[in-house]
Amino acid sequence: MADKRNNQLVRILMILRDLDRQGGADLYELSARHGAGVRTIRRDLQALQEAGLPIAEEETDGPKKKWRVAFSDKLSQISSLLDVSHYLALRLAMDGSAHGKTSSFTALEDLADKIEASLGKKDHARLREIVSSVHSLEKFTYQQTPPDVLWPLIDAISRRKLCKVTYRAVSHGDGEKSFKVLPLKLFAYERAIYLHAYVQKHDAVIVLNLHRLVSLQALDEKGTAPRGYDADALAESAFGVFIGKTTARYRLRFSSTMARRIRERVWHPTQKLSELSDGGVELELTCYASPEIAGWIRSFGSDVEVLAPAALRTEMAALGRALAERYGARA
């Protein structure tokens, strides 16, 4: 959800920039430029109007109406659009060594300067307090990603450009494979940056780890995201980052020792928790079957029992026998 809100913030600010610099634009221009549907762009503009910004729809000589904005002294009202997560997202996107290297970075830098210039001393001081009060671990994740990969990808996503990538896949024994993709979304997970990418040849959305990206070449060709692509829905279907073709229902019984830790967090959006008579809890969830959830379950050792699916229960039993044989022999 946070990624979705941050993407909306950047899109809205870029729309404001376009309307201010170009004297206005129609919905279809903005839709094509920012990769969002006409209805989404209309909602963005209406939200800006509701926030008090002087944005108006005007008649033109042609059939399409034009939206324009005259900031004047009302530019300071843009601060009403910002909360802690919004401003941090903008500053995080600008942090690193890519200054001036891409049009995407230049646009973000211009937006940030415009926002700060529009604020009074009090609001400017407040934004500095916001930045200093939050320590973002994701900041370091993005900083460790080579700018010659990260920023071209951001540029390609914003312009819907196809890319030719060479990738080292674990499934191919770390062998390199080259193919064409349409980059869709970047996201951080456990100190690494991942990419949702659409492979038109196989009509599939895949996940790429940027640390395994050997080379990237943005092409002049443009692509279209697959019908129904929803980054939030994919995130909720996965336990971590893995996207599969089928989901599995997991039922896990945790001991009373581990029950408090299980109760205090939402481990997955689909989870259901049941209290047991011995003080333990039973956790049920549905997600893509993957090594990620199996590894998470193993981290609880003897404080968890897999009730379903049967295949994972069999796998855990085999692991138990192997560990007993290994450590029993050494004893």
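Taking all protein chains together, Asp155, Asp230 sort by accessible area into Asp230, Asp155, largest first [probe 1.4 Å].
For an R0 of 56 angstrom, estimate the FRET efficiency from the Cβ-Cβ distance between Ala56 and Glu236 and round to the nearest 0.05. My answer for the efficiency is 0.90. Full extension of the chain between Tyr28 and Val199 gives 58.9 nm of extra length, using 0.36 nm per residue less the Cα-Cα distance.
Each of Ile262, Ile154 has its accessible area taken with a 1.4 Å probe; listed largest first, they run Ile154, Ile262. Considering only alpha-carbon pairs that sit under 8 angstrom and 6 or more positions apart, the relative contact order computed for the stretch 244-331 is 36 percent.
Computed in the context of the full set of protein chains, the accessible area of the stretch 181-331 at 1.4 Å probe radius has 48% of its extent on carbon or sulfur. The accessible-area ordering, largest first, of the residues Asp18, Asp303 stands as Asp303, Asp18, per a 1.4 angstrom probe. Gain on full extension, evaluated as 0.36 nm per residue between Phe179 and Gln49 minus their Cα-Cα distance, stands at 42.4 nm. Taking all protein chains together and rolling a 1.4 Å probe, Thr247 ends up with roughly 80 Å² accessible. Simple spin-label estimate for Arg251 and Glu275 gives 2.1 nm between the two label positions (7 Å along the Cα-to-Cβ direction from each Cα). Here is the size of the stretch 260-331 from its Cα atoms: Rg then Dmax, 14.0, 43 Å. Label sites at Tyr327 and Ser302, each approximated as a point 7 angstrom past Cα along Cα to Cβ, lie 0.8 nm apart.
For Leu184, the residues whose amide H sits under 5 Å from its own are His196, Ala197, Tyr198, ignoring neighbours fewer than 5 places away on the same chain, with H placed 1.01 Å from N. Among the trypsin sites (Lys or Arg not before Pro) found in the stretch 167-199, those both in a DSSP coil and sparsely packed, with 11 or fewer other Cβ atoms within 10 Å of their Cβ, are Arg191.
Could you tell me whether the stretch 141-195 comes out rounded, prolate or oblate from its Cα gyration tensor? Rule is a ≥ b ≥ c as square roots of the eigenvalues, rounded for a/c under 1.5, then prolate if a/b exceeds b/c, otherwise oblate. It comes out oblate by the Cα gyration axes.
The values are calculated or read from the model by the stated rules, or taken from the named source; none is laboratory data. Owing to the predicted nature of the structure, the values given are computational and were not obtained by experimental measurement. We place every Cβ from the backbone using ideal geometry, glycine too, and count neighbours over all the protein chains shown. Protein only, heavy atoms only, side chains kept; ligands, DNA and RNA dropped before computing areas. Shrake-Rupley method; radii C 1.70, N 1.55, O 1.52, S 1.80 Å.
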